[in-house]
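A short worksheet on the structure shown next.
The values are calculated or read from the model by the stated rules, or taken from the named source; none is laboratory data. Treat the numbers as computed from the prediction; the structure is a model and nothing was measured. FYI the Cβ positions are ideal-geometry reconstructions off the backbone, even for glycines, and counts take in every protein chain you see. Side chains included, ligands, DNA and RNA excluded: accessible areas come from the protein's heavy atoms. Shrake-Rupley method; radii C 1.70, N 1.55, O 1.52, S 1.80 Å.
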Amino acid sequence: MNVAIIKYNAGNIFSVDYALKRIGVSPIITANKELLMKADKIIFPGVGEAGTTMNYLKENKLDIFIKELKQPVLGICLGMQLMCSHSEEGDVDCLGIFDTEVKKFTPQIREDKVPHMGWNTIKNTSGPLFRGFEQEEYVYFVHSYYVPKNDFTAAETDYILTYSSALHKDNFYATQFHPEKSGNIGKRILKNFLDL
């Protein structure tokens, strides 16, 4: 199977590469559009800031390119947020694959810490990414911004409020959490994606 990781100015690419190799897949890491077009599956990971990252994608014409991909695409963390229509982080318009906004967490009580960091549960999972899931499972998060529940929500998580921890629309899948850092559950999610 030909799996590609989109290379751009965001962190976390190599931990995704390592996680895929642990399940027997050696992806290519590239920004070459021809190579990306030939891939069976594409992963769009990221840790970084939305405004500067969107500027980079636009400068390299990757913003239009990603939206037009026809094979299964998985956005992770910042990748998921950039797939939405707008982010409060940098007050920037994003790719618009999912017609929903990205909001900043606002602590409600003193104990609320931002960023949301560490293990938390996903619930109300739906869609092929979560095939075989029958209950709440723990996954690993690191984020200060969130996507509210919407028509594309494929999993929910409670932290300060209930928000979308996964999205799905057509061939586009996305997780706010990091499957590559989420142990056996994350491995299962990545395998489900590769099996699409």
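Annotations for the structure displayed:
- Residue-averaged [θ]222 nm for the chain, counting only DSSP H segments that reach four residues, each worth -39500 (n - 2.57): -7000 deg cm²/dmol
- A simple charge model with +1 on the Cβ of Lys and Arg, -1 on the Cβ of Asp and Glu and nothing else charged puts the dipole of the chain at about 640 debye relative to its Cα centre.
- Whole-percent P(r), the chain, all Cα pairs, 5 Å bins from 0: 1, 8, 18, 22, 22, 16, 9, 3, 1, 0.
- Euclidean distance between Cα centres, segment 19-61 to segment 118-196, Å: 19
- Protein heavy-atom accessible surface, 1.4 Å probe, per residue over the chain: 46 Å².
- Diffusion of segment 1-62 by Stokes-Einstein, at 37 °C in a medium of 0.692 mPa s and with Rh set to the Kirkwood radius over alpha-carbon pairs, works out to 272 µm²/s.
- Segment 78-189: mean projected area of Cα convex hull, nm²: 6.7
- Debye-formula intensities of segment 49-105, expressed as log10 I(q)/I(0) at q = 0.15 Å⁻¹, are -0.37 (one equal scatterer per alpha-carbon, no solvent).
- Here the spin labels are modelled as points 7 Å beyond Cα on the Cα-Cβ line, and at V114 and R131 they lie 3.8 nm apart.
- Gyration tensor analysis over the Cα atoms of segment 11-101 returns equivalent ellipsoid semi-axes of 22, 15, 12 Å (largest first, whole Å).
- Counting only DSSP beta bridges whose two residues both lie in the chain, roughly 60 percent are antiparallel.
- Note on D91 and K149: with the Förster distance fixed at 35 Å, the Cβ-Cβ geometry gives a FRET efficiency of about 0.95.
- Model label sites at D40 and I64, defined 7 Å from Cα along the beta-carbon direction, differ in position by 3.1 nm.
- Calculated log₁₀ intensity ratio I(q)/I(0) where the Debye formula runs over C-alpha points of segment 119-165, q = 0.29 Å⁻¹: -1.23
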